[in-house]
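What follows is a single structure, written as structure tokens, with notes after it.
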Amino acid sequence: MNTLSFIFILIVIYLIAAVPTGIVLAKVMGYEDVRDKGSGNIGATNVYRVAGKLPGVLTLVGDILKGFLPLLACKTWLTPTPTQLGIACAVAIVGHCYPVYLKFRGGKGIATALGIFLVISPAAVLGAAIVFGVAIAITRFISLGSVLAAMSAPLLVLMLNEPQPIFLATLFIAALIIWRHRNNIKRLIDGSEDRFKA
């Protein structure tokens, strides 16, 4: 893949990942702007709390797919090098977290990261999902499960001997997710974080 083609692909990946799934679905289904309710976040958890179970689940699926489908297409049809694939992964998560459509104020990245990891290291996803599920089952904190899953992902990728660019991309994604959860971490520390209610 030549440089110009690769840059074009990165732009396409960014623009797809930047689509604010939660806002779009909430509006289509007749709900208010989710940014004005709850935590103000556009992700599945806040959509679930504000608009209900179906919009929340659909947002989760949509956010996963916008990480999964562009990366899968890139990996399958364009045969990128590990470095190119790693860069594409980083661009996808940046698109979700900093979408141009919302003046670069996006989500926290967990669902889109899941979609990305399903392409680059499905085995790591299983381990991270176990960490996520156990943490939520014990604490009922979605944010804590998200942070712990993000922290575990690079370690799992490293243990699976994935190419170094893929490990670095995973490390970048994990760091960005943790950064995006910094306010949740503060609330977890001071005891004011909301627990998830099914």
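Comparing Ser39, Ser143, Ser152, which has the greatest mean-square fluctuation in the GNM of the chain with Cα pairs linked when under 10 Å apart? For the chain, modelled as a Gaussian network with Cα springs under 10 Å, the answer is Ser39. Calculated [222 nm] ellipticity per residue, helices only, for the chain: -24000 deg cm²/dmol; basis is -39500 (n - 2.57) per DSSP H run with n ≥ 4, divided by all residues, nearest 500.
Selection among Gly115, Asn41, Pro163 by position relative to the dipole of the chain gives Asn41 as farthest towards the positive end (Cβ unit charges, Cα centre). Axis angle, to the nearest 10 degrees, between helix 164-180 and the longest C-alpha principal axis of the chain: 20 degrees. Computed from point charges on the beta carbon alone (+1 for Lys and Arg, -1 for Asp and Glu), the dipole magnitude for the chain about its Cα centre is near 400 Debye. Taking only the alpha carbons of region 28-93, we obtain Rg and Dmax values of 15.5, 43 Å in that order.
I'm spelling it out carefully: the read-out is Rg and Dmax of the Cα atoms in Å, the candidates are (i) 16.0, 44; (ii) 16.3, 51; (iii) 16.8, 55, and one was derived from this structure. Which label? Computed from the coordinates, Rg and Dmax of the Cα atoms in Å corresponds to (ii).
Just so you know, all these numbers are worked out from the coordinates, no wet-lab data involved. As the structure is a prediction and not an experimental result, all values here were calculated from the model. Cβ sites come from the backbone with ideal geometry, for glycine too, and all protein chains shown count toward neighbours.
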